[in-house]
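Remarks on the structure that follows.
The values are calculated or read from the model by the stated rules, or taken from the named source; none is laboratory data. None of the values given here were measured: they were computed from a predicted structure. Don't worry about glycine lacking a Cβ; one is built from the backbone with ideal geometry, like all the others, and counts go over all protein chains shown. These accessible areas exclude ligands, DNA and RNA; they are computed on the full protein's heavy atoms, side chains included. Shrake-Rupley method; radii C 1.70, N 1.55, O 1.52, S 1.80 Å.
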Amino acid sequence: MIETLLEYGMVFLTSMFKFALAPLAGIARDMSIVETALFTILGMMTTVLIVAGIKDEFRRKLIWKFKRNKALFTKRNRRIVTIWNKYGLAGVAFLTPVLFSPIVGVLVAVSFGGSKSKMVKYMFVSAAFWGFTLSILYKLVGNLIFVA
């Protein structure tokens with residue numbers, strides 16, 4: 001029982017920080033696709049709700065602390081601005097699980113002025129899509145590698 005809860009917790013915590021690795025952790029622990037996807041989605045949405053719920057003043061101080069001596073016009077920052085200009089909030093939300101971490105995706109969406117309620121909806125749809133897609137993909141690839 002405790003071992004099962006620890007496995008769920010591992011997938012949950014992994015998806016809070018690096019979404020694409022969480023389904024891999026779940027499938028590696030021989031969890032079902034639905035269990036893996038569910039805890040992956042829950043982990044990302046927990047991060048989304050926490051970061052989106054942080055007061056703007058605290059969020060600005062937090063970003064300033066980590067970004068103060070870093071270059072402003074990096075290749076990654078230009079890519080983020082391009083994605084925002086081309087696809088908007090929906091595009092950032094869709095690409096967050098595979099390109100960014102949930103924390104970075106939410107910070108990008110909030111800092112470009114995206115509506116928090118729309119952001120939560122888009123992030124949930126994205127998390128559900130990518131959670132199930134990556135869980136199925138990792139399960140199929142795992143079966144091909146370990147059965148052959």
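Worth a mention:
- Flag not set for M31, criterion: on the phi < 0 side of the Ramachandran plot and open to solvent by 20 Å² or more (accessible area, probe 1.4 Å).
This table checks each residue for (1) modelled with pLDDT under 90; (2) in a helix (DSSP H, G or I); (3) of a type in the set (K, R); (4) open to solvent by 50 Å² or more (accessible area, probe 1.4 Å).
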{"residue": "K61", "(1), (2), (3), (4)": "yes, yes, yes, yes"}
{"residue": "I80", "(1), (2), (3), (4)": "yes, yes, no, no"}
{"residue": "Y87", "(1), (2), (3), (4)": "yes, yes, no, yes"}
{"residue": "G105", "(1), (2), (3), (4)": "yes, yes, no, no"}
{"residue": "V108", "(1), (2), (3), (4)": "yes, yes, no, no"}
{"residue": "S126", "(1), (2), (3), (4)": "no, yes, no, no"}
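- In this structure, L140 does not qualify as in a helix (DSSP H, G or I), over 17 Å from M45 (Cβ atoms) and at pLDDT below 85.
- Here F12, F39, F17 are screened, and the one residue that is under 13 Å from the mean Cα position of the chain (by Cα), aromatic (F, W, Y) and open to solvent by 60 Å² or more (accessible area, probe 1.4 Å) is F17.
- Scanning the range 89-103 for residues that are outside any helix (DSSP H, G or I) and without any contact (Cβ under 8 Å) to a residue 60 or more places away in the chain yields one hit, F100.
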